[in-house]
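Only the coordinates and a few stated rules stand behind these numbers; no lab work does. These numbers come from a predicted model, not from an experiment. Glycine also receives a Cβ, built like all others from the backbone with ideal geometry; neighbour counts cover every protein chain displayed.
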């Protein structure tokens, strides 16, 4: 979900593991030379989601690193298959209250540009949680955790997957 810490934790995890940090949204923005919000406004969500799948597939095929995707990417069956086939998915499971506290004052979230952004976030949360629960690994995000503590939690979860992290990492 937006506000869960995908980018911050992803960057910290990449630094800790000595791996590149990849961000599918940043790749899309660079290719389009416009923001995600502008792409949504100009071309619509369906167009954006198609480009998102193309970018995720390319990044997973050509790079080995930590990939942060947008909050809606994992909703796609195709994206979930690609991620599990070519990597491992990690859900940063944050409660609605924590997410709202992190996103409510930001205007960079196109899906929250509604008359009642909290209700929109709640509806997104309720719809997405069952899909996110299909992630290969689930890591609870807590309000008291720093980025480093969340990164520790992700490393611990990854360590339970010997096919992901080498011993001693």
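With each label modelled as a point 7 angstrom along the Cα→C-beta vector, the residue 106-residue 50 pair spans 2.8 nm. With a Förster radius of 30 Å applied to the C-beta separation of residue 35 and residue 137, the computed FRET efficiency comes to 0.50. Set against the labelled values (i) 19; (ii) 28; (iii) 39, percent of Cα pairs over 28 Å apart computed from this structure falls on (i). Cβ crowding within 10 Å ranks 50, 136 as 50, 136, fewest other Cβ atoms first.
Inter-label distance, residue 85 to residue 113: 3.4 nm, where each label sits 7 Å from its Cα along the C-beta direction. Once the Cβ-Cβ distance of residue 8 and residue 126 is raised to the sixth power relative to R0 = 25 Å, the FRET efficiency obtained is 0.55. Using C-alpha pairs below 8 Å separated by at least 6 residues, the relative contact order for the chain is 30 percent.
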